[in-house]
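See structure below.
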Amino acid sequence: MDVRPSPEQQALRDSAAQVVDRLGPQAVGQLDDQERASKLDAAVAASGWRELRVEMEDGAPLASGVETMIVAEELGRGLGDVSFLGPTLAAELRRLAGAPPSPTVETVALAVDLSSLACSVSGDRQPAVAIDVQGSSRALLLVPGPDGHVLAQTDLHSAGAGLDLTRPSAVLGPPLAVAPVEAAVRTLAPDDLTRWTALGLSLTCADLVGTMRGAVELGRTYATQRRQYEASIGSFQAVQHMLADALVLTEGARSATLHAAWAVDARAPGEALAAAAAAKAYSARAARDVCETVIQVHGGIGNTWECLAHVYLRRALLSSGILGDVGVNLARVLSHRGIGGDDGLR
Amino acid sequence: MMDFGDSPEESEFRSRLRAWLQENNPGLHSSTGDEYRAGAAAWHQSLYDAGFFGMSWSKEIGGQGLPTVYEVIVDEELAAAGAPARPSLGYLVQGILAHGNDDIQRRFLPGIVNGRDRWCQGFSEPDAGSDLASLRTRADRQGDEYVITGHKVWTSYSDDAEWCLVLARTDHEVAKHRGISAFAVPMHQPGIEQRPLRMINGMTKEFGEVLFDGARVPVSNMIGEPGEGWRLAMTVVSHEREPGELGFVARYGKIVNDLTRKVRDDPAAFGAEQVRDLGWAMVEVEMLRLHVSRRLSDRLNGITHGPEGSIDKLLMTWVEQAVGHAALAIGGIDNVGGDDTWLNTYLYSRAQSVMGGTSQIQRNLVASRILGLPSS
């Protein structure tokens, strides 16, 4: 056991951090700066980070769950308003179905409660939700087939919106216009979907960890600068203890997430899902606490639209919901230990 | 390459330990009660004799000379087997390694590691708790000896101990942090009075008061230089904050495994809220196991303890108290007049946010030394 990052992994982190620090939004007003956002999108496209899970000749992904985690974490930390999670999960679906990589950016569609990949049954009146839709013209989902789930796609027509100001979602249907992905050569077995879910959960954990790191830094900076009673508020023990707790939660989430990201490829699907579910329950609960703390540290300012604190909270809330919130993942953890039957996967 | 899995050597070690545990698990209850304490010395000897204690310490002092990550494997296997945790002595060993001269190390470390000599730690006093540097116990030189006078409290396991690591003031003229020295004081002598204290879970073997009234210690038992006591204390408490040093992951893991079995055996007896508390305990213990793996891996770079110990102490505290809440929820309240083991496990968990430096102090340290927030 040696869980230190390799030099290559450290270099990847540095490079992702550099891109998002240079081109990510530094203030709420910059979220509307299309020129900046386009440059960020172009930089991410050029980096190849969205293709980390495409299939190599031996069928394995180009990079492991750990590399994808590293990029997701840095994008979360810098509030990167650029698609990554959706395209990465779409690439993983194509790999599992034996379909060639998509030449254009595409994302995935989830069930309307976000807890699982959408599965469209014909005549179904359920809508679906495409996540992280920026730049995508299409979302992947499942349709039932005679021997397992078949990979399918649906076109996107909206730019998306939603609670997260950095990663828009789009409601699809009902009804959904769905067509099979013709190049797919395999159906998706339950084990495939379990591993895919483990990857998705560990990426949302990574995003939450990054979001917490960014939020703590925002709060720390404000507490150092803001003065009351002729002292910076960061010198007051009450404020110090809130920020200390926020940092400690972030570090705990980081350790659990590191393991989840490793387990995606290194462990059997059920083990990988259990690892990811534990990390997700921990990280989702922690992230809400941490972002709320950072709003509180900002006082009245923290309750204004112009303060970035709510942008972190919103991003954390969406990441928390994707592929199951705290309750769903606690149930998965318990189920893995033989308590309760439902592993939360449908 | 980042890898939570076992190397071939680690895997071989894990199998060997697992097989040994099948034959040698003393089956003590997971809670830290008097019964547990009574069996702890024999457990220590047994682990040591089989080569499963002090994995990362040097062979000269009785350790196994292996990388620190072997401690994680030991903790994982102890928890999986439902065996008691390993003895929590690492902080004492680290303190003596960092500050004791060769003579001190040779005389004392092997006995600590092999379990022949039991030690307690005389740091806190009635008027020196979080503000440890204001301690008033004094050591006055008389020829080749120091004479110790003072009052120590929260001295864990003092009534079993042969030795006490005592902090005492040897210089009253300098700033309070600089006038403290550390001593290895033999406990079995006139001039030392023991007063056990009863904890909120009824346990009497852990907490104690120790009164020193003219106790004697040879000058050669001073650990470090005169005035080095404060630095030694900081070394010791910083290791006392590290779950990897303490082996607590095994203790928590065993409690959660026992509670899980209880629910699996009779699922209908437990409501959603109770099971939810157990679910959180599982998540917290798993997080801590992984966090310890991360910290012990960092040590492969030669990184040792720093202010991050305060992060680890707070995490460990939250884990222990979540485990305590699960014990309360699953086994703690519906046993009027019967077995109060789980209630006592819960009650014991409240001490974790106080011992080894309160959570308030840890937060102060995180704020000032890691977040860099200004002092008030």
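Can you confirm whether B:LEU288 is out of contact with any Leu (no Cβ under 7 Å at 6 or more places or on another chain), of a type in the set (A, V, I, L, M), under 28 Å from B:MET355 (Cα atoms) and outside the structural domain of B:TYR70 (by TED's automatic domain parsing)?
Criteria not met by B:LEU288.
Selection of region A:174-191 for residues being in a loop (DSSP other than H, G, I, E, B), surrounded by fewer than 18 Cβ atoms within 10 Å (Cβ to Cβ) and touching a Gly at 6+ places or on another chain (Cβ under 9 Å) yields A:PRO175, A:ALA183, A:VAL185, A:ARG186, A:ALA189. Scanning region A:227-258 for residues that are within 7 Å of chain B (Cβ to nearest Cβ), without any contact (Cβ under 8 Å) to a residue 40 or more places away in the chain and part of a helix (DSSP H, G or I) yields a count of 11. Evaluate region A:15-25: report whether one residue or more is exposed (fewer than 14 other Cβ atoms within 10 Å of the Cβ), among the hydroxyl-bearing types (Ser, Thr, Tyr) and either free of Cβ contacts under 8 Å to residues at least 24 places away in the same chain or more than 14 Å from chain B (Cβ to nearest Cβ) (or both). There is no residue in region A:15-25 that is exposed (fewer than 14 other Cβ atoms within 10 Å of the Cβ), among the hydroxyl-bearing types (Ser, Thr, Tyr) and either free of Cβ contacts under 8 Å to residues at least 24 places away in the same chain or more than 14 Å from chain B (Cβ to nearest Cβ) (or both). A:ALA161 satisfies every condition listed in (1) under 22 Å from A:LEU40 (Cα atoms); (2) of a type in the set (A, V, I, L, M); (3) modelled with pLDDT of 95 or more except (3).
Within region B:246-274, the set of residues being surrounded by fewer than 21 Cβ atoms within 10 Å (Cβ to Cβ) and among the aliphatic types (A, V, I, L, M) comprises B:ALA268, B:ALA269, B:ALA272. Reported count of residues in region B:294-333, each being under 21 Å from B:LEU78 (Cβ atoms), under 18 Å from the mean Cα position of the chain (by Cα) and within 7 Å of another protein chain (Cβ to nearest Cβ), is 1.
For region A:323-334, does any single residue satisfy the condition of being crowded, with 24+ Cβ neighbours inside 10 Å, of a type in the set (D, E, K, R) and within 12 Å of chain B (Cβ to nearest Cβ)? Yes: one or more hits. You will find that of B:ALA98, B:ALA85, B:ALA79, the residue that is touching a Leu at 6+ places or on another chain (Cβ under 8 Å) and assigned to a helix (DSSP H, G or I) is B:ALA98 and no other. If I filter region A:199-207 for residues that are surrounded by fewer than 23 Cβ atoms within 10 Å (Cβ to Cβ), at pLDDT 95 or above and part of a helix (DSSP H, G or I), do I get at least one hit? No, there is no match, as no residue in region A:199-207 is surrounded by fewer than 23 Cβ atoms within 10 Å (Cβ to Cβ), at pLDDT 95 or above and part of a helix (DSSP H, G or I).
Here is a check on your reading of the model: is A:VAL44 farther than 25 Å from A:VAL3 by Cβ and buried (at least 21 other Cβ atoms within 10 Å of the Cβ)? Criteria met by A:VAL44. Going by the conditions given, is B:VAL256 in the same structural domain as B:PRO126 (by TED's automatic domain parsing) and modelled with pLDDT of 95 or more? Spelling it out, it is not the case that B:VAL256 is in the same structural domain as B:PRO126 (by TED's automatic domain parsing) and modelled with pLDDT of 95 or more. Taking A:ALA184 as the residue in question, decide whether it is over 20 Å from A:ARG315 (Cα atoms), among the small types (Gly, Ala, Ser) and touching a strand residue (DSSP E or B) at 6+ places or on another chain (Cβ under 7 Å). It is true that A:ALA184 is over 20 Å from A:ARG315 (Cα atoms), among the small types (Gly, Ala, Ser) and touching a strand residue (DSSP E or B) at 6+ places or on another chain (Cβ under 7 Å).
Please name all residue pairs, on different chains or six or more residues apart, with Cβ atoms under 6 Å, provided the first residue is in region B:156-172 and is over 8 Å from B:GLY122 (Cβ atoms) and the second residue is at pLDDT below 95 and outside any strand (DSSP E or B). Going by the 6 Å Cβ cut-off, the qualifying pairs are B:SER156/B:GLU206; B:ASP160/B:ARG118; B:ALA161/B:ARG118; B:GLU162/B:ASP117; B:GLU162/B:ARG118; B:TRP163/B:ASP117.
Let's see how each residue does on (1) without any contact (Cβ under 8 Å) to a residue 24 or more places away in the chain; (2) more than 8 Å from every other protein chain (Cβ to nearest Cβ); (3) exposed (fewer than 15 other Cβ atoms within 10 Å of the Cβ):
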site: B:THR341; (1), (2), (3): no, yes, no
site: B:THR345; (1), (2), (3): no, yes, no
site: B:ALA351; (1), (2), (3): no, yes, no
site: B:SER359; (1), (2), (3): no, yes, no
site: B:VAL366; (1), (2), (3): no, no, no
site: B:LEU373; (1), (2), (3): yes, no, no
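Going through region B:43-72 one residue at a time, which ones are part of a helix (DSSP H, G or I) and either at pLDDT below 90 or within 14 Å of chain A (Cβ to nearest Cβ) (or both)? Walk me through it before giving the result.
Step one: filter region B:43-72 for residues part of a helix (DSSP H, G or I), giving B:43-49, B:59-61, B:69-72.
If the condition is that a residue be part of a helix (DSSP H, G or I) and either at pLDDT below 90 or within 14 Å of chain A (Cβ to nearest Cβ) (or both), then B:VAL69, B:TYR70, B:GLU71, B:VAL72 are the ones that fit.
Filtering region A:142-162 to residues that are of a type in the set (A, V, I, L, M, F, W, C), in a loop (DSSP other than H, G, I, E, B) and closer than 12 Å to A:VAL129 by Cβ leaves only A:LEU156. Taking (1) among the basic types (Lys, Arg); (2) more than 14 Å from the chain's Cα centre (by Cα); (3) closer than 17 Å to A:ASP207 by Cα in turn, A:ARG50 satisfies each apart from (2). Within region B:218-243, the set of residues being in contact with an Asp or Glu (Cβ under 8 Å, 6 or more places away or on another chain), surrounded by fewer than 22 Cβ atoms within 10 Å (Cβ to Cβ) and in a helix (DSSP H, G or I) comprises B:VAL219, B:SER220. Looking across A:ARG213, A:ARG167, A:ARG195, one residue alone is crowded, with 20+ Cβ neighbours inside 10 Å, at pLDDT 95 or above, outside any helix (DSSP H, G or I) and not small (Gly, Ala, Ser). It is A:ARG167.
Of the helices (runs of 4 or more DSSP H) entirely within region A:269-346, those holding at least 2 residues that are out of contact with any Cys (no Cβ under 6 Å at 6 or more places or on another chain) and free of Cβ contacts under 8 Å to residues at least 40 places away in the same chain occupy A:269-297, A:299-302, A:326-336.
Considering A:ALA97, A:ALA152, A:ALA161, A:ALA118, the condition of being closer than 24 Å to A:PRO190 by Cβ, under 21 Å from the mean Cα position of the chain (by Cα) and not acidic (Asp, Glu) is satisfied by A:ALA118 alone.
Of everything listed in (1) free of Cβ contacts under 8 Å to residues at least 60 places away in the same chain; (2) touching a helix residue (DSSP H, G or I) at 6+ places or on another chain (Cβ under 7 Å); (3) among the hydrophobic types (A, V, I, L, M, F, W, C); (4) more than 24 Å from A:THR211 (Cβ to Cβ), the single unmet condition for A:ALA91 is (4).
The values are calculated or read from the model by the stated rules, or taken from the named source; none is laboratory data. The structure displayed is predicted, hence computed values, not measured ones. For neighbour counting, all protein chains shown are included, and Cβ atoms are generated from backbone atoms with ideal geometry for every residue, glycine included.
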